[in-house]
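One structure is given here, and the rest of the page talks about it.
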């Protein structure tokens, strides 16, 4: 299930990126959010770091031309998710709030990498545009994922009415 969630998110990032322009207000970051979504499914929460590093590396190889940039960013995002859920329980609301902060963190970290490594001029309006362009679509994704996740979780707890004892 963990692999499936990550792969679906990863491929959705790529598919939607084909149809969205870079100036769109719908920039997908589903792979980043998939790290939040798989967190409750992990028995060993530290495995999220390994998953984050692998997903970041794959993202670097397949979608960007910045080898190891996303690997490092996903590592920090994974650590932040683990630390956040030490203080908050996993539920729809907390997942949505954390999704918001992970989108902002991802955009700030990626902009910082470009600023430091690629000699890009500091342009805060460009940073804010990348943040708000990522929020709507990704928060909708998070809401839909949590709706399905908690719906399936509730159905799992219901006794099977067709089993006769």
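Read-outs throughout are calculated quantities, based only on the coordinates presented, and are distinct from any laboratory measurement. Note that the structure is a prediction, hence the values are computed from the model and not measured. Using ideal geometry, Cβ is built from the backbone for each residue, glycine included, and neighbour counts are taken over all protein chains shown.
Observations, loosely collected:
- Working note: 222 nm ellipticity from helices only, DSSP H runs with n ≥ 4, each -39,500 (n - 2.57), summed and divided by the residues of the chain, gives -26000 deg cm²/dmol to the nearest 500.
- Relative exposure of 69, 1, 55, judged by other C-beta atoms within 10 Å (fewest first): 1, 69, 55
- Degrees, to the nearest 10: 69-87 long Cα axis against longest axis of the chain: 50
- Cα radius of gyration and Dmax for the range 1-138 (Å): 14.4, 43
- Rel. contact order, % - alpha carbon contacts under 8 angstrom, at least six apart, the chain: 25
- Gaussian network model of the chain, Cα within-10 Å springs - most flexible of 133, 21, 110: 21
- Spacing of the two label points (7 Å from each Cα toward its C-beta) at residue 123 and residue 139, in nm: 2.5
- Listed residues 82, 54, 116, most fluctuating in the chain (Gaussian network, C-alpha, under 10 Å): 116
- Amide N of the range 93-113 lying under 20 Å from the label point, which is placed 7 angstrom from the Cα of residue 25 along Cα→Cβ: 100-101, 103-104, 107
- Peptides 11-20, 29-38, 140-149 ordered by average Cβ neighbours within 10 Å, highest first: 29-38, 140-149, 11-20
- Between helix 92-117 and the chain: long-axis angle, C-alpha atoms, 0 to 90°, nearest 10: 20
- Cα-based helix-to-principal-axis angle, 47-63 vs the chain, degrees rounded to 10: 50
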